[in-house]
Amino acid sequence: MKLIRKGEVGEERPGLLLPDGREVDVSDFGEDYDEVFFETDGMARLEEWAATHASNSPDFPEELRQGSPIARPSKIVCIGLNYKDHAEESGVEIPEEPVIFFKATSAFCGPNDDLIIPRNSEKTDWEVELAFVMGKRASYVEEENALASLAGYVLHNDYSEREFQIERCGQWVKGKSCDSFAPVGPWLVTPDELGNVDDLGMWLKVNGETVQQSNTSNLVYKIPFLISYVSQFMTLLPGDVVSTGTPPGVGLGMDSPRYLKPGDVVELGIDGLGSSSQTAIAAK
Ligand code: ZN
């Protein structure tokens, strides 16, 4: 299945992207894709409901805004420096165990929403990332059982303000949490439909120029390990998002670092997860 949500901010309705390409409104299913939905085995119930109802469901108007494919989660957990060559371009060693940081959930937004460059920002940067969404509560999960707690995968751009992140005392969270810094989607795809998650091409373009191009096969720490690892430090709740890190090609890593300004257009995609596009605007 591919889950989508469409509608204005705060008014998104649940939907499905069908194999024939139709985007259908499944409001009749009666639930949003939120923590309660995932916790109560909503993916299985939705699949059963969809088998008889999805093809008869009404099409969404095409021009309707694409929302994030799930409701705002309780947590957005990010893994830092999970591609060897990105660690090198950032001038740091691969850590002995994963770096974990948070993004504020208020940064969560639709895949094609405008990127708001924060006030006083000169170093707003991009990061194409594979992220996964939890389908079940996970606490002290064993690596071999970890994938059973997964709902599916999403495309994520982990926008980062490098001055706020690195030059402003400690904690990366300041540079990761600005409004619109976590565009997610267009869809959540279930593992059965995605195929091999460890071999997905990924790319990001700025104003049409390819700056990031890699493959999920380059991840240092793989997904079952990451679920198990994060669950040693916190309980992952159903619907939580974990973003697995970015490959090389971010603005910070360029010979002459390059950052985003109003009017710039960022496009990104991962095989099987679709693509998204954000236009940079100045904060009001
Ligand atoms: Zn990142």
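The values are calculated or read from the model by the stated rules, or taken from the named source; none is laboratory data. Given the structure is predicted, the values throughout are model-derived calculations rather than measurements. We place every Cβ from the backbone using ideal geometry, glycine too, and count neighbours over all the protein chains shown. Accessible surface areas use protein heavy atoms only, side chains included; no ligands, DNA or RNA. Shrake-Rupley method; radii C 1.70, N 1.55, O 1.52, S 1.80 Å.
Some values worked out for this structure:
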| quantity | calculated |
| --- | --- |
| Subset of region 145-172 that is assigned to a helix (DSSP H, G or I) and in contact with a strand residue (DSSP E or B) (Cβ under 6 Å, 6 or more places away or on another chain) - its residue that is nearest to the ligand (Cβ to nearest atom) | 172 |
| Qualifying residue in region 77-87 (condition: without any contact (Cβ under 8 Å) to a residue 40 or more places away in the chain and open to solvent by less than 10 Å² (accessible area, probe 1.4 Å)) | yes |
| Top-ranked residue in region 102-126 [being open to solvent by 10 Å² or more (accessible area, probe 1.4 Å) and within 17 Å of residue 244 (Cα to Cα); ranked as nearest to the ligand (Cβ to nearest atom)] | 102 |
| In region 174-187, the residues that are in contact with a strand residue (DSSP E or B) (Cβ under 6 Å, 6 or more places away or on another chain) and surrounded by fewer than 22 Cβ atoms within 10 Å (Cβ to Cβ) | 179 |
| Members of region 25-54 that are in contact with a Pro (Cβ under 8 Å, 6 or more places away or on another chain) and among the acidic types (Asp, Glu) | 25, 31, 32, 35, 39 |
| Positions within region 127-144 being acidic (Asp, Glu) and either farther than 26 Å from residue 43 by Cα or within 16 Å of the ligand (Cβ to nearest atom) (or both), in sequence order | 127, 129 |
| Qualifying position, being part of a helix (DSSP H, G or I), over 24 Å from residue 219 (Cα atoms) and out of contact with any helix residue (DSSP H, G or I) (no Cβ under 8 Å at 6 or more places or on another chain), among 55, 68 | 55 |
| Every pair of residues 6+ apart whose Cβ atoms lie under 6 Å, when the first sits in region 263-284 and is open to solvent by less than 10 Å² (accessible area, probe 1.4 Å) while the second is charged (D, E, K, R) and not in a strand (DSSP E or B) | 280/264 |
| Residue identified as out of contact with any Leu (no Cβ under 8 Å at 6 or more places or on another chain), within 12 Å of residue 70 (Cβ to Cβ), of a type in the set (Gly, Ala, Ser) and without any contact (Cβ under 8 Å) to a residue 12 or more places away in the chain among 42, 21 | 42 |
